[in-house]
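Written out below as structure tokens is the structure these notes cover.
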Amino acid sequence: MALVAAELNRGLIKANPLFDQTREQVLAYVANGAVPINALHNKGFASIGCAPCTRAISRDEPERAGRWWWEEQSSQECGLHVSRKP
């Protein structure tokens, strides 16, 4: 991951402002700065996306295991990053 990435085939530029921060650093910043967080984080949702693409994870799963979690690995696009057709 980089601070800025481009997906030229989709016409996207992605900014990742927290790319070099650990989860612990981010949580400490949130706690010390009184930054509001989504209530789902306290219910086991480490990474939150749209409702059909997101589920809570167990303690032994990687952080992003709850995103794009379909049983079938053939297609994992929910529609947020699909090409626009004229």
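The values are calculated or read from the model by the stated rules, or taken from the named source; none is laboratory data. Please read these numbers as outputs of a predicted model, since none were measured by experiment. Quick reminder, even Gly has a Cβ in these numbers, built from the backbone with ideal geometry, and neighbours come from all protein chains shown. Quick note on the areas: whole protein, heavy atoms, side chains included, nothing else; ligands and nucleic acids left out. Shrake-Rupley method; radii C 1.70, N 1.55, O 1.52, S 1.80 Å.
Data table
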| read-out | value |
| --- | --- |
| Residues of segment 1-19 classified as in contact with a strand residue (DSSP E or B) (Cβ under 8 Å, 6 or more places away or on another chain) and surrounded by 11 or more Cβ atoms within 10 Å (Cβ to Cβ), total | 5 |
| When residues of segment 27-49 are limited to those that are part of a helix (DSSP H, G or I) and within 14 Å of the chain's Cα centre (by Cα), the one modelled with the highest pLDDT | Leu40 |
| Index of the failed condition, Gln21 passing every other in (1) within 19 Å of Trp68 (Cα to Cα); (2) assigned to a loop (DSSP other than H, G, I, E, B) | (1) |
| Residue tally, condition modelled with pLDDT of 80 or more and either part of a loop (DSSP other than H, G, I, E, B) or surrounded by fewer than 10 Cβ atoms within 10 Å (Cβ to Cβ) (or both), over segment 52-74 | 8 |
| Enumeration of residues in segment 20-51 that are of a type in the set (Ser, Thr, Tyr), free of Cβ contacts under 8 Å to residues at least 12 places away in the same chain and open to solvent by less than 90 Å² (accessible area, probe 1.4 Å) | Thr22 |
